[in-house]
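In what follows, a structure is listed as structure tokens, so that the remarks can point back to it.
The values are calculated or read from the model by the stated rules, or taken from the named source; none is laboratory data. This is a predicted model, so every value here is computed, not measured. When we count neighbours, we look across all protein chains shown, and the Cβ atoms used for this are built from the backbone with ideal geometry, even at glycine. The protein model used for the area step is the full one, side chains on, heavy atoms only, and it has no ligands, DNA or RNA in it. Shrake-Rupley method; radii C 1.70, N 1.55, O 1.52, S 1.80 Å.
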Amino acid sequence: MPDPTVCVAGGGPAGVMLGLLLARAGIRVTVLEKHADFLRDFRGDTVHPSTLEVLAELGLADRLEQIPHQRLVRAGFEHAGRRVDILDLRHLRVRHPYIALVPQWDFLELLAAAASAYPEFELRRQAEAYDLVVEHGRVVGVRVRDRSGGHGSDGGDYTLRAALTVAADGRHSTLRRAAGLTSRAFGAPMDVVWFRLPWAEGDSAAQALTFRFGPGRAAVTIPRRTYWQIAYLIRKGGFDDLRAQGIDALRRGLAQTVPFLADRVGELTSFDDTSVLEVRMDRLRRWYRPGMLAIGDASHAMSPVAGVGINLAVQDAVAAANLLVPALREAQRSGVPVPDRVLAAVQHRRQLPTAVTQAVQRTVQTIGLDRTLRADPDSSPPGILPAWLAPVLRRPMSRFVGLGVRPEHVRTWPD
Ligand SMILES: Cc1cc2nc3c(=O)[nH]c(=O)nc-3n(C[C@H](O)[C@H](O)[C@H](O)COP(=O)(O)OP(=O)(O)OC[C@H]3O[C@@H](n4cnc5c(N)ncnc54)[C@H](O)[C@@H]3O)c2cc1C
């Protein structure tokens with residue numbers, strides 16, 4: 001097989017979606033994924049209307065329907081015993097006005113299977129891009145450590161050359177560091193402890209996604225029909241303290257914040273039942289250099305506020321494919337390098353939606369979370385958003401969360 005025209009490092013939502021879109025346009029693309037499969041610790045599974053629209057445009061909506069999933073139409077917060085909706089997606093004028101809660105590995109398998117229908121697409125698993133290959137100041141490929149046993153003659157260590165390398169290797173991106181791309185970091189007041197608790201008779205999915213706030217902590221409960229997915233928010237850097245206090249401190253804090261779960265917090269036997277998301281938010285100043293582009297979390301790590309990370313990654317992939325395909329076809333046909341101005345156009349297109357989304361996340365963090373998480377655990381619960389403001393914000397927030405800023409649409413290319 002000839003060298004690919006595009007090498008994508010990272011088989012997450014950004015990388016696999018880009019691989020699919022490019023292969024569909026006849027571009028030879030190899031996606032490198034360092035893991036053997038897409039199964040991971042929990043890392044989010046909210047597929048928003050903007051992504052559902054992209055799937056529909058690709059003719060994949062029916063396949064998503066076949067994956068067991070849930071639909072979430074409302075989200076809100078509870079304070080002083082009262083629940084207030086801050087999101088109601090039923091107002092959105094789209095084909096799929098809901099968030100589909102789909103395990104991320106099923107979502108990625110769906111995309112990879114659809115991409116594999118194109119001979120131009122290749123997914124190499126257990127293949128880690130660990131450095132860039134640079135010639136005359138231009139990235140011309142990556143160095144790969146391959147544990148699959150299927151590629152590379154030198155103990156699975158080889159060079160993969162491509163006209164364009166895309167860093168879609170997530171928020172700890174190796175390639176963005178290797179490229180010397182610098183970022184602007186924005187603080188976040190919290191880290192998140194994720195875990196599950198069992199569903200009990202009498203629980204209702206109609207309770208919808210709900211935030212609850214207590215002094216020094218907050219919790220998000222997401223109904224998953226057979227279990228509750230819990231995001232327990234703690235002060236930034238506070239996990240070591242919490243761990244030192246023991247699992248009982250977590251159980252107690254949760255029971256106080258979400259009283260209806262008090263009867264089952266004992267199911268948490270140790271911190272091994274939890275995974276911690278160290279929240280960070282940043283954005284590259286420049287998303288590209290000659291021969292290379294960064295997208296998804298590799299160019300902008302997002303806060304978990306509003307659960308938009310997957311969807312922004314997908315939007316980046318759609319925008320990148322729409323802008324890159326003509327230049328990549330030229331590169332594939334005649335070896336002409338992809339001009340920097342096309343890479344700059346991708347950054348230009350996606351920078352504003354990313355910056356606006358991060359600005360909203362920062363506002364929510366500052367107004368809604370910072371004071372709560374800094375409050376003394378023995379004080380009375382701090383006030384958050386006044387309830388009267390929720391109906392005013394509901395429509396704009398629903399649109400912002402569901403569709404994002406400047407939603408992208410899949411282009412269809414002549415052969
Ligand atoms: C605990 C947790 C909960 C989250 N919850 C949500 C949520 O509810 N909703 C939401 O929208 N977002 C959520 N997110 C964020 C979301 O998962 C990311 O924003 C999104 O997955 C970004 O997609 P990506 O493709 O850019 O990067 P990633 O999903 O991080 O994918 C990067 C891929 O690259 C691979 N990789 C890394 N380095 C290399 C390398 N050097 N070579 C080859 N492969 C490599 C990784 O294995 C990974 O598969 C959550 C994240 C975490 C950690």
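Of these, Leu32, Leu60, which one is more than 11 Å from the ligand (Cβ to nearest atom) and open to solvent by less than 50 Å² (accessible area, probe 1.4 Å)?
Working: Leu32 fails: more than 11 Å from the ligand (Cβ to nearest atom).
Leu60 is the lone residue from the list that is more than 11 Å from the ligand (Cβ to nearest atom) and open to solvent by less than 50 Å² (accessible area, probe 1.4 Å).
Which of the residues that make up the stretch 189-209 are crowded, with 20+ Cβ neighbours inside 10 Å and out of contact with any Asp or Glu (no Cβ under 9 Å at 6 or more places or on another chain)?
Val193, Leu209
Kindly establish whether Asp263 is assigned to a helix (DSSP H, G or I) and without any contact (Cβ under 8 Å) to a residue 12 or more places away in the chain. I'd like the intermediate steps shown before the answer.
On the way: assigned to a helix (DSSP H, G or I): yes; without any contact (Cβ under 8 Å) to a residue 12 or more places away in the chain: no.
It is false that Asp263 is assigned to a helix (DSSP H, G or I) and without any contact (Cβ under 8 Å) to a residue 12 or more places away in the chain.
Scan the stretch 216-232 for residues that are in contact (Cβ under 8 Å) with a residue 24 or more places away in the chain and either among the aromatic types (Phe, Trp, Tyr) or open to solvent by 10 Å² or more (accessible area, probe 1.4 Å) (or both) and report the count.
Number of matching residues: 9.
Do you know which residues across the stretch 35-57 are within 11 Å of the ligand (Cβ to nearest atom) and assigned to a helix (DSSP H, G or I)? Don't jump to the end; show me each part of the working.
At the first step, the residues of the stretch 35-57 found to be within 11 Å of the ligand (Cβ to nearest atom) are 35-48, 50-51.
Listed by number, the residues that qualify are Ser50, Thr51.
On the basis of being within 20 Å of the chain's Cα centre (by Cα), buried (at least 18 other Cβ atoms within 10 Å of the Cβ) and of a type outside the set (Lys, Arg), does Phe186 make the cut? Before the answer, list the steps.
Details: within 20 Å of the chain's Cα centre (by Cα): yes; buried (at least 18 other Cβ atoms within 10 Å of the Cβ): no; of a type outside the set (Lys, Arg): yes.
The answer is no for Phe186.
For the stretch 310-320, how many residues are β-branched (Val, Ile, Thr) and more than 7 Å from the ligand (Cβ to nearest atom)? It would help to see each step written out before you state the result.
Going residue by residue through the stretch 310-320, those that are β-branched (Val, Ile, Thr) are 310, 314, 318.
Filter once more, so that each one left must be more than 7 Å from the ligand (Cβ to nearest atom): 314, 318.
Counting residues in the stretch 310-320 that are β-branched (Val, Ile, Thr) and more than 7 Å from the ligand (Cβ to nearest atom) gives 2.
Just to be sure I understand, how many residues within the stretch 163-216 are basic (Lys, Arg) and part of a strand (DSSP E or B)?
Start the filter on the stretch 163-216 by keeping residues that are basic (Lys, Arg), which leaves 171, 176-177, 184, 196, 212.
Imposing the further condition that a residue be part of a strand (DSSP E or B) reduces the set to 184, 196, 212.
Here the count works out to 3.
With respect to Ala129, determine if the residue is surrounded by 22 or more Cβ atoms within 10 Å (Cβ to Cβ), assigned to a helix (DSSP H, G or I) and of a type in the set (Gly, Ala, Ser).
Spelling it out, it is not the case that Ala129 is surrounded by 22 or more Cβ atoms within 10 Å (Cβ to Cβ), assigned to a helix (DSSP H, G or I) and of a type in the set (Gly, Ala, Ser).
Output the residue which, of all residues in the stretch 296-333 that are of a type in the set (S, T, N, Q) and modelled with pLDDT of 95 or more, is farthest from the chain's Cα centre (by Cα).
Taking the stretch 296-333 as the starting set, the residues that turn out to be of a type in the set (S, T, N, Q) are 299, 303, 311, 315, 322, 332.
Now narrow it down to the ones that are modelled with pLDDT of 95 or more: 299, 311, 315, 322, 332.
Values: Ser299: 12, Asn311: 6, Gln315: 11, Asn322: 20, Gln332: 30 Å.
Applying the filter and picking the extreme gives Gln332.
In the stretch 267-309, how many are within 9 Å of the ligand (Cβ to nearest atom), touching a strand residue (DSSP E or B) at 6+ places or on another chain (Cβ under 8 Å) and assigned to a helix (DSSP H, G or I)?
Within the stretch 267-309, residues that are within 9 Å of the ligand (Cβ to nearest atom), touching a strand residue (DSSP E or B) at 6+ places or on another chain (Cβ under 8 Å) and assigned to a helix (DSSP H, G or I) number 2.
Just to be sure I understand the filter: pairs with C-beta atoms under 7 Å, separated by 6 or more residues or on different chains, first member in the stretch 131-149 and in the same structural domain as Ala178 (by TED's automatic domain parsing) and under 14 Å from Ala178 (Cβ atoms), second member polar (S, T, N, Q) and surrounded by 16 or more Cβ atoms within 10 Å (Cβ to Cβ). Which pairs pass?
From the stretch 131-149, the pairs are Leu132/Thr165; Val139/Thr165; Gly141/Thr165; Val142/Thr165.
Taking the criterion of being within 10 Å of the ligand (Cβ to nearest atom), crowded, with 21+ Cβ neighbours inside 10 Å, in a loop (DSSP other than H, G, I, E, B) and touching a residue at least 24 places away in the same chain (Cβ under 8 Å), would at least one residue in the stretch 100-110 satisfy it?
Looking for residues that are within 10 Å of the ligand (Cβ to nearest atom), crowded, with 21+ Cβ neighbours inside 10 Å, in a loop (DSSP other than H, G, I, E, B) and touching a residue at least 24 places away in the same chain (Cβ under 8 Å), one finds none in the stretch 100-110, hence no.
Given Asp169, Asp203, which one is at pLDDT 90 or above and among the acidic types (Asp, Glu)?
Working: Asp203 fails: at pLDDT 90 or above.
Going through Asp169, Asp203 in turn, the sole match is Asp169.
Looking at Pro13, Pro49 in this structure, which one is touching a helix residue (DSSP H, G or I) at 6+ places or on another chain (Cβ under 8 Å), closer than 27 Å to Gly368 by Cα and crowded, with 23+ Cβ neighbours inside 10 Å? Before the answer, list the steps.
Values: Pro13 fails: closer than 27 Å to Gly368 by Cα.
Exactly one of Pro13, Pro49 is touching a helix residue (DSSP H, G or I) at 6+ places or on another chain (Cβ under 8 Å), closer than 27 Å to Gly368 by Cα and crowded, with 23+ Cβ neighbours inside 10 Å, namely Pro49.
Does Ala249 satisfy the criteria of being farther than 19 Å from His48 by Cα, of a type in the set (Gly, Ala, Ser) and either within 13 Å of the ligand (Cβ to nearest atom) or part of a helix (DSSP H, G or I) (or both)?
yes
Take the residues in the stretch 135-182 that are away from the ligand (no atom under 13 Å from the Cβ) and in contact with a helix residue (DSSP H, G or I) (Cβ under 7 Å, 6 or more places away or on another chain); name whichever of them is least open to solvent (accessible area, probe 1.4 Å).
Leu164
In this structure, does Thr30 turn out to be assigned to a strand (DSSP E or B) and of a type in the set (Ser, Thr, Tyr)?
Working: assigned to a strand (DSSP E or B): yes; of a type in the set (Ser, Thr, Tyr): yes.
Judged against the criteria, Thr30 is a match.
How about the stretch 129-179: which of its residues are within 23 Å of the chain's Cα centre (by Cα) and farther than 11 Å from Val8 by Cα?
Of everything in the stretch 129-179, those that are within 23 Å of the chain's Cα centre (by Cα) and farther than 11 Å from Val8 by Cα turn out to be Tyr130, Gly170, Arg171, His172, Ser173, Thr174, Arg176, Arg177, Ala178, Ala179.
Kindly indicate whether Gly11 is assigned to a loop (DSSP other than H, G, I, E, B) and within 11 Å of the ligand (Cβ to nearest atom).
On the way: assigned to a loop (DSSP other than H, G, I, E, B): yes; within 11 Å of the ligand (Cβ to nearest atom): yes.
Answer is yes for this residue.
Out of the stretch 310-343, which residues are outside any helix (DSSP H, G or I) and of a type in the set (A, V, I, L, M, F, W, C)? Spell out the reasoning first.
So the first thing to find is which residues in the stretch 310-343 are outside any helix (DSSP H, G or I), and the list is 335-339.
Selection gives Val336, Val338.
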